[in-house]
Structures are given as C-alpha cells and as structure tokens.
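To start, the structure under review is shown below, and the notes come after it.
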Amino acid sequence: MISARELIDSSPISRLQVRVIVLCALVSMAEGYDIISISLAVLPITDDWGISGGESGLLFSGGLIGMAVGSITLGPVGDRYGRRPLLIGSLVVITVGVALSAVAGDVTQLVLLRILTGLGMGGIIPSLPIIVSEYSPARKRSTLIALFAIGIPAGGVLGGAVGTLLMSSFGWRAAFVFGAVITAVTVGVAYLGIPESPDYLEARGTEAARKELAALIEAMNLPGTPGGAGTRDVIEVAPPGTAGSAALRSWALAATCVAFCLVNSAYFFGNTWTPKLLKLAGLSNNEGIGGGLLFSLGGAFGMLLLAVLTLRFASMRVTAAFVLAGALLFAVMASVSSRLGPTLVGAALLGLCLSAAYAGLYVMVPILFRPDARVSALGIAAGLGRIGSIATPLGVGVLVDRSWAVDSIFLVFVVPTLAAAVVITCASVRNARESTAAPEPGGVAARGASVR
C-alpha cells in the first residue's frame, strides 16, 4: 500500500497538477486586483466625496475586517467540507460584494460592502494556497507556492493598469465593475478546472473519499499508477476518526499568527497607503498611483525571486531575510518620499521584499502543520494576523489627519518588520530542531511536509 501523498512526492508533476496550479494563479490575479482596487479608487473617491484621512482608513480597513472574520470562521470549513467548495463559494461572495460596491452611495455603504467582499477573500486566503501546496510534490512545494503567489501582485499591476484607465474615462465606479466581471469569470474557472485536493481526500478516511482520490490519481497519470479500479487497491487513506488529532502545535500556531500580524501590518500599509502618502509628500495623483502600481510590480518580481531562492535555501529563512530587507527599505522610503525618481525605485523594491515575505508566510503552513489542519491553521493565523492589517490603515489615517510627516509614518513600520524577521527565524530554528530530535505530527517528518 502507498499513500497518495507518497506517490505525488515521488513522481514528476503531471499536466493536471500544472493546470490546477496555473488556474489557482489566475484566481489569485483576480484576488490581487480586488485587494488593490480600493487603494486606486480612494483618490478619485476623495475628490468626489471629500472624505477625510480617517474615512479613507475605514475604506481600507473594511475589507480587512471582512478578511479577518472570513479567514477565522471559514478556515475550518475547508478542513471539514473541502477546499474546493470553500474556494467556489468565497469567489461568489467576492463577486457580489465588488459588484455592489460599484453602486454604493456613500462611505458607510462602501465600507459595509468592502466588509462583505473581505468575507469572501477570507475564504480564499486559506483555501487557495493550500490547494496549490497539496497538488505540489513536497520537494518543490515552497517554489510552486511562491510562483502561484505571483498572481496577487501581477493582478494588482495588470488589473490596476486597466482599472486606472477605466477610471480616467468612466470614473471610480468602473474599477469595481471591472473587478466584479473578472472575479465572476474565476468562479467558472474554479468550478470547471480545480478538483478537490488529494491531501484532503486522503485525510477524509471514507470510502467515497477513497474512490474520488483514486479517480484523481488516475487522472494525474502518475508513473507507476495502475489503471482502472486497481488504483484503489494501492492508495492508502487515513482511517475514519484520525483526522485532527494533535494536528495543531500551539507554539507553531502562535508563531504563525504573530508573523502574519506583523507582516500583514507592513504589507498592507505599503499596498494601500503608498499612493496617498506619496501625494501628501508632494507628488501628483498620477505619480502617487504610479508608486502604488510599482509596489505591485516589484511584488511580482519578489514572488519570482522567492521561488528561485527556495530551490536552494530553507524557505522560512529566505522569508525572514526578505522581511529584514523590508525594514531597511521603510527607512529608505522615509528619506526619499518627496523625490519622484528615488521614491518610485524605493516603492518597487519595497513591494518586492514585502510581497515575497507575504508569500513566504503561506509557505510556512505546509511546513508546520498536517494536512487535516492546514486550512484551519492558515485561516486562524491569517484571520488573527489581520489585526495588524486592520489597525494599520485606521492608525495611519489618524496620523495623516494629525499632520504627521510622511517620512515619520514610513519610519514607524521599521519596528514591526524587524520583529517579524525575529519571529520567523526563531520558528524556523525550533521546527528544524524538533524535526531532527523527534519528528511529531505536523512537523517536517509528517506526511507531505518539508523543511524547504
């Protein structure tokens, strides 16, 4: 008998696996645009409605509040009922929320609709990267998650460019119409092209899961897989009732939650506030928006660099290095924020480092947790981690209203990025030590995990 995970880990990547990972990346592109759309639209909304810095912060935080609630409450759904139903249902919620945002009549309505959209994103956050990780061989998991994550900043860049063009001709509401259309397309993409994950089916331990898993393995056409019903005779699944036991290590969950909170604080500050802060520093609307788009463009290269580096180096240590570099770049941005050329370069490099660090957080979860707890662990960590990303826009809005200098605001974020680098490094060291001394459930010796 051989487990499906062992068979996937020992085989080359099949066409079906490549298709699933590519389609997940396309879905993440739509997610990337939905995240950045409010930061692009807030400048024309400010001109249209005359909103304050605090109200801008509410618009930014509305979606993040929804993400926090959605991640925590919907994460367990992915472990209980499947990654695929959670993914498709979440995309439907996002489509509705973004479509209604286009017809919002005031700030209150738009904030509530951003919360609704965030609830859907909260379901995407734990399900999508786990699907990618569970379709990936353990030896290439970190790299493939990083490559998949390129879709988020790429969607911000490509979608943001289209959204900006549409806003210039039709106003800020067009940005949300565009977002609703592309997200609706991803509903069909997910329904038709993304099957349930093999690790989830293997962990279910039911006869129905066994049959579905056998059919999935046959569809992958992995080397050494017998055809027909014989596949079901060599695929081992967990017996009923074993899922969930000791699946979450308390220290690992605590470290993951803290790391998410700190990195989210820095990432969402850069991703949402860069355009407006650059304008406050003396640049024009278009130059500020350009800085925001370059942040996303740098993020795409950051994901690619993360993918390359994790082929040779331990992924958690690479992630910590990117976080540390982000701290240094916040200090650089504080000194150059009023000069166009250096600011645009700094924004691109900051996006590179913080986006790579953000993607690296998702790589941590398959390393630290077992398949039957991964979506729950990621949902809890991402949800609680949203505390940082929720507080950040509101806090920065207050600082803006109190006339804080732009350079001082950038300097504030040196602190959480440095702290995040320390937390991730400590978690990496402890996980490696425990795995070497006495492998335990959820550690790197557990089925499907990897020190990479």
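Each value in this text was obtained by applying a stated rule to the coordinates, not by laboratory testing. All of these numbers come straight from a predicted model, not from anything done at the bench. Methodologically, a virtual Cβ is constructed for each residue, glycine included, from the backbone with ideal geometry; neighbour enumeration extends over all protein chains shown.
For the chain, a simple Cβ point-charge model (Lys and Arg +1, Asp and Glu -1, everything else neutral) yields a dipole of about 680 debye relative to the Cα centre. Taken over the stretch 259-382, the ratio of Cα radius of gyration to 2.2 N^0.38 Å equals 1.13. In the stretch 129-204, the alpha-carbon atoms span a convex hull of 94 Å³ per residue. Calculate for the chain the 222 nm mean residue ellipticity that helices alone would give, adding -39,500 (n - 2.57) per DSSP H run of length 4 or more and normalising by residue count, nearest 500 deg cm²/dmol. Counting only the DSSP helices, I get -27000 deg cm²/dmol. Just so you know, the averaged projected area of the alpha carbon convex hull for the stretch 1-122 sits at 9.4 nm². Remark: 172, 404 ranked as 404, 172, counting other beta-carbon atoms within 10 Å and listing the fewest first. In straight-distance terms, cross-link reach from residue 140 covers every one of the aspartates and glutamates whose alpha-carbon lies under 18 Å from its own, apart from those fewer than eight places away in the same chain; here that gives 6, 9, 199. Per the Kirkwood formula applied to alpha carbons, the chain shows a radius of gyration over Rh ratio, Rg over Rh, of 0.98.
When a/c reaches 1.5 or more, the comparison of a/b and b/c decides; with that in mind, is the stretch 54-188 rounded, prolate or oblate per its Cα gyration tensor?
Verdict is prolate for the stretch 54-188.
Roughly how many whole Å is it from the C-alpha centroid of the stretch 1-43 to that of the stretch 335-380? If we compute the Cα centre of each part, the gap is 16 Å. In the stretch 2-437, a dipole from Cβ-located charges (positive for Lys and Arg, negative for Asp and Glu) runs towards its positive end, and of 108, 155, 208 it is 208 whose Cα lies farthest in that direction.
Among the chymotrypsin sites (Phe, Trp or Tyr not before Pro) in the stretch 75-170, those located in a DSSP loop and surrounded by at most 14 other Cβ atoms within 10 Å of their own Cβ are 81.
Compute the Cα gyration tensor for the stretch 23-73, then decide on rounded, prolate or oblate, letting a ≥ b ≥ c be the square roots of its eigenvalues: rounded whenever a/c is under 1.5, prolate when a/b is larger than b/c in the other cases, and oblate in all that remain.
Cα axes put the stretch 23-73 in the oblate bin.
Taking 0.36 nm per residue of separation and subtracting the current Cα-Cα distance, fully stretching the chain between residue 139 and residue 22 would add 40.3 nm.
Over all pairs of distinct alpha carbons, what does the Kirkwood formula give as the hydrodynamic radius of the stretch 106-167, in Å? Across the stretch 106-167, the inverse of the average 1/r is 13.9 Å. You can think of it this way: the chain between residue 221 and residue 403 has 59.4 nm of extra reach, that is 0.36 nm per residue less the Cα-Cα gap.
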